[in-house]
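Okay, so here's the structure we're looking at.
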Amino acid sequence: NPKQEEFEVCLDQLIKDFSENQEVLLFKLERVYGDSAINFANNIISQSKNKPGFWDDKRLSLFYSKLAQSYYYSDETNLSIKYAHKSQQLNDTLDLSTLLANNYLENNKTDLAESVLLAKLDTTESSWILKNKADLLLKVGNAKKALDLYNIVMKDSSIWIDEEMVADILLKNSMPDKARTFYI
């Protein structure tokens, strides 16, 4: 963005002028990354403890979600898991199952990865999300459920699936008839 520096100056001024406005704070939350995101989210969460009721749970959950994502990319999987769970406790409609599953896989906890994916499985989600969940289910060894999701995703022509990889995994899981479909 050629105007990135100007944008950041404007965003900082917006925060100074409207430091109590929730929409402004949420706007900034969507535009900070890495350590800046961690510091910003932690600051808002700390402030919310001093002002009970200022933030509703669903909005506050977005700050915990940002922490979970930021810690994941900082290779702090335990903190990422902690904040993802906290975020979902505050907003039970929030689905951080792929983030949690990736964290659990990094910690070699395949059973937990599978259980969080299956707990938040909604076949009406976007094809992109379903594909990601199917890929993760293959990694944890649940080829049957992954295949169910791939069958849904394949109806959407805008999503690319490595069909040979899926076929190889199905073949390894003693599903040669289903693998043949993907090889063809």
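The values are calculated or read from the model by the stated rules, or taken from the named source; none is laboratory data. Small disclaimer: the values here were computed from a predicted structure and weren't measured. Every residue, glycine as well, gets a Cβ built from its backbone with ideal geometry; the counts of neighbours run over all protein chains shown. The area values use the complete protein model at the heavy-atom level, side chains included, leaving out ligands, DNA and RNA. Shrake-Rupley method; radii C 1.70, N 1.55, O 1.52, S 1.80 Å.
Could you sort T77, T98, T123 by their accessible area in this structure, using a 1.4 Å probe and putting the largest first?
On the way: T77 15, T98 40, T123 80 Å².
Order by accessible area, largest first: T123, T98, T77.
Considering the chain as a Gaussian network with a 10 Å cut-off on Cα pairs, which listed residue, A134, A167, A68, attains the greatest mean-square fluctuation? Result: A167 has the largest fluctuation of those listed. Qualifying chymotrypsin sites (Phe, Trp or Tyr not before Pro) in segment 84-184, where qualification requires a DSSP coil assignment and no more than 16 other C-beta atoms within 10 Å, comprise W160.
Applying 1/(1 + (r/R0)^6) with R0 = 22 Å to the Cβ-Cβ distance of D35 and Q89 gives a FRET efficiency near 0.30.
How about segment 28-85: which chymotrypsin sites (Phe, Trp or Tyr not before Pro) there lie in a loop by DSSP and see at most 14 other Cβ atoms within 10 Å?
Values: sites: Y33, F40, F54, W55, F63, Y64, Y71, Y72, Y73, Y83; in loops: Y33, F54, W55.
Listed in order of number, the matching sites are Y33, F54.
In the full protein context, the chain carries 59 Å² of accessible surface per residue, based on a 1.4 Å probe and ignoring ligands, DNA and RNA. Looking at the square roots a ≥ b ≥ c of the eigenvalues of the Cα gyration tensor of segment 1-70, which shape do they give, rounded for a/c under 1.5, prolate if a/b is larger than b/c, or oblate? Oblate, since a/c reaches 1.5 and b/c is not below a/b. Judged by the ratio a/c of the largest to the smallest principal axis of the C-alpha gyration tensor, segment 57-114 counts as oblate, that ratio being 1.5 or greater while a/b is no larger than b/c. Between K28, K51, K131, which gets the highest mean-square fluctuation from a Gaussian network model of the chain, Cα cutoff 10 Å? Of the options given, K51 has the highest mean-square fluctuation. Our note on the geometry: Cα centres of segment 161-184 and segment 1-79, 43 Å apart. Here the dipole of the chain is about 460 debye; that uses its Cα centre as origin and unit charges on the Cβ of Lys and Arg (positive) and Asp and Glu (negative).
Measuring spread by the Cα atoms of the chain yields a radius of gyration and Dmax of 20.0, 63 Å.
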